[in-house]
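The values are calculated or read from the model by the stated rules, or taken from the named source; none is laboratory data. Just so you know, these numbers come straight off a predicted model, no measurement behind them. With ideal geometry, Cβ positions are generated from the backbone for all residues, glycine too; neighbour counts draw on all protein chains shown.
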Amino acid sequence: MKQLLYFLLFTWPAPLFYQGRLYTILNGGILSWFNASVGTVLYRERINAPGPYFSAPVAAAGRVYTASSEGIVTVLKSGDTLEIRARNDLGESIFATPAPVGQLLRIALARPLRGG
């Protein structure tokens, strides 16, 4: 029981409840979402953004955002089917949950991005 509790608390980012759905992301980029009112799985699929996930998914303006520790931010349309809108490789590690602020998504990187 102690090992299961450790697994759930420290290896699985917090789920996101948004627009009547519950979203979860697991290591390897496996995204699942559920109909929150009845508990049925709507979709479970890899989002082609591998690596460990320490940050929880977040949502704003009808979109769900996930960030892998390898620096890949995936943007999905909120809904009953998987629709990937964008995948952005920031080239730096991400360990904190992104924060929607107004029209922006604030992302804390392990190291600052360098301008070209």
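What tally of residues in the stretch 21-38 results from selecting those that are surrounded by 14 or more Cβ atoms within 10 Å (Cβ to Cβ), more than 13 Å from the chain's Cα centre (by Cα) and hydrophobic (A, V, I, L, M, F, W, C)?
Result for the stretch 21-38: 2.
Looking for something surrounded by 18 or more Cβ atoms within 10 Å (Cβ to Cβ), of a type outside the set (D, E) and on the phi > 0 side of the Ramachandran plot - is there at least one such residue anywhere in the stretch 39-57?
No, there is no match, as no residue in the stretch 39-57 is surrounded by 18 or more Cβ atoms within 10 Å (Cβ to Cβ), of a type outside the set (D, E) and on the phi > 0 side of the Ramachandran plot.
Test of understanding: among R63, R46, R21, which residue is touching a residue at least 24 places away in the same chain (Cβ under 8 Å) and either closer than 17 Å to L82 by Cα or touching a strand residue (DSSP E or B) at 6+ places or on another chain (Cβ under 6 Å) (or both)?
After applying the criteria, what remains is R21.
Which condition from (1) surrounded by fewer than 18 Cβ atoms within 10 Å (Cβ to Cβ); (2) more than 16 Å from G29 (Cβ to Cβ); (3) touching a Gly at 6+ places or on another chain (Cβ under 8 Å); (4) modelled with pLDDT under 95 is the one that L90 breaks?
(2)
Here's a check for you: in the stretch 48-86, which residue that is in contact with a Gly (Cβ under 6 Å, 6 or more places away or on another chain) and of a type in the set (S, T, N, Q) is farthest from S32 (Cα to Cα)?
S69
Within the stretch 68-84, which residues are out of contact with any Ser or Thr (no Cβ under 7 Å at 6 or more places or on another chain), more than 15 Å from N48 (Cβ to Cβ) and either touching a residue at least 60 places away in the same chain (Cβ under 8 Å) or among the small types (G, A, S) (or both)?
Selection gives S78, G79.
Step by step: first the residues of the stretch 93-107, then only those that are hydrophobic (A, V, I, L, M, F, W, C) and more than 17 Å from G29 (Cα to Cα), then the one that is surrounded by the most Cβ atoms within 10 Å (Cβ to Cβ). Which residue is that?
I107
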